[in-house]
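Just below is one structure, and these are the notes that go with it.
The values are calculated or read from the model by the stated rules, or taken from the named source; none is laboratory data. As the structure is a prediction and not an experimental result, all values here were calculated from the model. Glycine gets a Cβ as well: all are built from the backbone with ideal geometry, and neighbour counts include every protein chain shown. Quick note on the areas: whole protein, heavy atoms, side chains included, nothing else; ligands and nucleic acids left out. Shrake-Rupley method; radii C 1.70, N 1.55, O 1.52, S 1.80 Å.
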Amino acid sequence: KSQKQEEKSLRVTFKNGDELKFQFKPIRITVNDKDVVRAEDLLSSSISSNSYITLIKAVLDGDQTLLPNPTSVEVSWKLWDHVVAMATRNSSIIIYDDNTDMEITTTGRLLTVRGSAPHGSDGMKFFAHALRVSAPEDQLYDHLVRDLMGFIETSPPDQDFHLGLSGGTSVLGIYKHLLLADVPWHRMHVWQVDERCDLRHGNRLHLQEFLLSFVPIPPENVHLMPVSQEGCGDPSLYSHQLNSIPPLDYVILGVGTDGHTASEFPGSRDLRDGGVIKVIEKEGIVSPRRMTMTLKYLNSCQQKAIIVVGEAKKSILQRIREKEELPVNELIVYNLVWYIEEGLV
């Protein structure tokens, strides 16, 4: 809690009792009263303690006019590594700043934020580099595409970029935002994460109708799963294609009300194993037979995003937070970002 404006501090209390405290005069950052970063660390990093205090105060006040140099960014991450690690371990943290309460609940890197951000919404931009915040549905898709474009723009411009798209209505909403973005389609490869063996309900129908038919992607860069009017083909054919390249750069997934992701369902039966691709069967769903990337392969991909929209997803989000044995909870969280519609948690 702040005693005086010039002696501002920030206390982060975890629900298991852990406490992280930032004190700015004198500089002291502690976890459970043990020093994490000492004043000597800051002084030896070629930035003065006064400039560091000014920078942190500006962040807390939502002042974006100051841009930290690379050295100060490294120092900041030395602090926030502890926040992210403890948040992942403890499920929730509560941040107190000048009597403003904000609860951050984590699944993957961030599930949602409740309450008001310190000093208004601009204050959250300090956290946004490490964590993703929920938003209304249309803004959610736009946020995801902007994040995707950031990955594309930082990838080598002379190399192909491989994007995996899951089926389902949640992912369908992203197509129009991809059409509006400045995507370098000439070097993009699009892969199906899963497909229905009954092509009357095939995921490729929406993929082609609402996205691929409008973009200048080379035909050889579109990789559809080997499914025909006769049903699912040999999954090893698609596995062979995937194994000929590094793991996909970016994969966009949804989650079902039963906790399935891709076409990995609770209680599904494996029919054919093709390595990183398999054919499954799940009774009681549209097109009971599906072809899907395995969870093991999805975990090998460079970056994963999960979109969650719709009132029907409220209950499954609670089960995910409680760490039930669900397919979606088998995804490795370190490179997974959740994009969740506001109000669902």
May I have the convex hull volume per residue, in Å³, for the Cα set of the stretch 199-297?
123 Å³
Please grab the % of Cα pairs in the stretch 228-345 that end up more than 21 Å from each other.
41 percent
Going through the cross-link list K21/K323; K176/K304; K282/K313; K34/K304, which pairs have a Cα-Cα distance over 24 Å in this structure?
K21/K323; K34/K304
Keeping the other protein chains in place, figure out the carbon and sulfur percent of the accessible area of the stretch 224-345, with a 1.4 Å probe.
49 percent
Per residue, how large is the accessible surface of the stretch 168-278? Use a 1.4 angstrom probe and give square angstrom.
45 Å²
In nanometres, what is the gap between the two model label sites at R146 and E330, each 7 Å from Cα along Cα-to-Cβ?
3.5 nm
For the stretch 163-248, place one equal point scatterer on every Cα, skip the solvent, and apply the Debye formula. What is log10 of I(q)/I(0) at q = 0.12, 0.13 Å⁻¹?
-0.36, -0.42
